[in-house]
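> Quick one: the structure is below, and I'll ask about it shortly.
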Amino acid sequence: MKILGLDPGLGTTGWGLIEADGNRLRHLANGQLKTDTHAPLPRRLAALAEQLEALIAEQRPTTAAVEEVFVNKNPQSTLKLGQARGVVLMVAARAEIEVGEYAARLVKKAVVGNGNAEKVQVHAMVLRLLPGAPIAGPDAADALAVAITHAHHLASNRRIP
């Protein structure tokens with residue numbers, strides 16, 4: 001099963017694609033989708049949608065997983081993040097891909113074992129779980145962590161009658 005993990009952001013959306021076969025995970029690809037910070041918001045959202053549509057068409061994931069929005073100190077940042085997340089969910093739904101949604105704390109707990117883990121710890125564990133994977137940056141590492149979390153949850157759900 002090919003799982004596309006997504007870490008939504010208006011400026012940069014991280015993505016990571018893994019293959020899960022039971023408890024075995026294999027890195028397939030990862031990267032970042034970027035929008036022009038000088039463009040108006042509607043244009044940026046459209047650009048994010050176009051890039052994600054192309055990625056899904058090229059990689060053909062079986063399922064996807066998205067990190068949930070957390071509340072920032074800056075309400076404007078939270079709103080922009082929510083809008084980018086909405087685009088990500090819409091594009092996946094239009095491609096008829098089921099999407100799992102996970103809180104950041106749950107992703108950290110699933111990958112590191114600690115819901116309060118730092119980004120550096122998440123990145124380090126992703127490298128341990130996907131040895132040799134060239135990671136395109138912190139957003140891509142977070143996206144791979146979301147994909148790993150989804151793989152673990154899908155495997156657990158299959159074992160529970």
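> Out of all the residues in the range 112-136, which are small (Gly, Ala, Ser) and not in a helix (DSSP H, G or I)? Spell out the reasoning first.
Filtering the range 112-136 for residues small (Gly, Ala, Ser) gives 113, 115, 117, 124, 132-133, 136.
Those that are small (Gly, Ala, Ser) and not in a helix (DSSP H, G or I): GLY113, GLY115, ALA117, GLY132, ALA133, ALA136.
> Of the conditions (1) of a type in the set (S, T, N, Q); (2) surrounded by 21 or more Cβ atoms within 10 Å (Cβ to Cβ); (3) over 29 Å from ASP21 (Cα atoms), THR149 fails just one. Which one is it?
The single condition THR149 does not satisfy is (3).
> Now for a different question. Quick check on my filter: what residues within the range 95-106 are outside any loop (DSSP other than H, G, I, E, B) and closer than 14 Å to GLY5 by Cβ?
Taking the range 95-106 and keeping what is outside any loop (DSSP other than H, G, I, E, B), we get 99-102, 104-106.
The answer is VAL99, GLY100, GLU101, TYR102, ALA104, LEU106.
> Going by the conditions given, is THR62 hydroxyl-bearing (Ser, Thr, Tyr), modelled with pLDDT of 90 or more and surrounded by 14 or more Cβ atoms within 10 Å (Cβ to Cβ)? Full working, then the answer.
Details: hydroxyl-bearing (Ser, Thr, Tyr): yes; modelled with pLDDT of 90 or more: yes; surrounded by 14 or more Cβ atoms within 10 Å (Cβ to Cβ): no.
No; evaluated as a whole, the condition is false for this residue.
> Right, something else. Could you check, for the range 45-55, whether at least one of its residues is under 26 Å from PRO131 (Cβ atoms) and crowded, with 16+ Cβ neighbours inside 10 Å?
If we filter the range 45-55 for residues that are under 26 Å from PRO131 (Cβ atoms), which is where we start, we get 55.
Pick out the ones that are also crowded, with 16+ Cβ neighbours inside 10 Å and you get 55.
Yes, there is a match, as at least one residue in the range 45-55 is under 26 Å from PRO131 (Cβ atoms) and crowded, with 16+ Cβ neighbours inside 10 Å.
> So, LYS109, is that one more than 13 Å from the chain's Cα centre (by Cα), more than 18 Å from LYS2 (Cα to Cα) and assigned to a loop (DSSP other than H, G, I, E, B) or not?
Working: more than 13 Å from the chain's Cα centre (by Cα): yes; more than 18 Å from LYS2 (Cα to Cα): yes; assigned to a loop (DSSP other than H, G, I, E, B): no.
Here the answer is no, as LYS109 does not meet what is asked.
Condition check ((1) of a type in the set (Lys, Arg); (2) over 18 Å from ASN23 (Cβ atoms); (3) under 15 Å from the mean Cα position of the chain (by Cα)) across all residues:
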residue	(1), (2), (3)
GLU96	no, yes, no
ALA103	no, yes, yes
GLY113	no, no, no
ALA155	no, no, no
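> Looking at GLY11, GLY5, which one is of a type outside the set (A, V, I, L, M) and farther than 14 Å from ALA92 by Cα?
Details: GLY5 fails: farther than 14 Å from ALA92 by Cα.
The conditions single out GLY11.
The values are calculated or read from the model by the stated rules, or taken from the named source; none is laboratory data. Remember, predicted model here, so these are calculated numbers, not experimental data. Please note: Cβ atoms are built from the backbone with ideal geometry, for glycine as well, and neighbour counts cover all protein chains shown.
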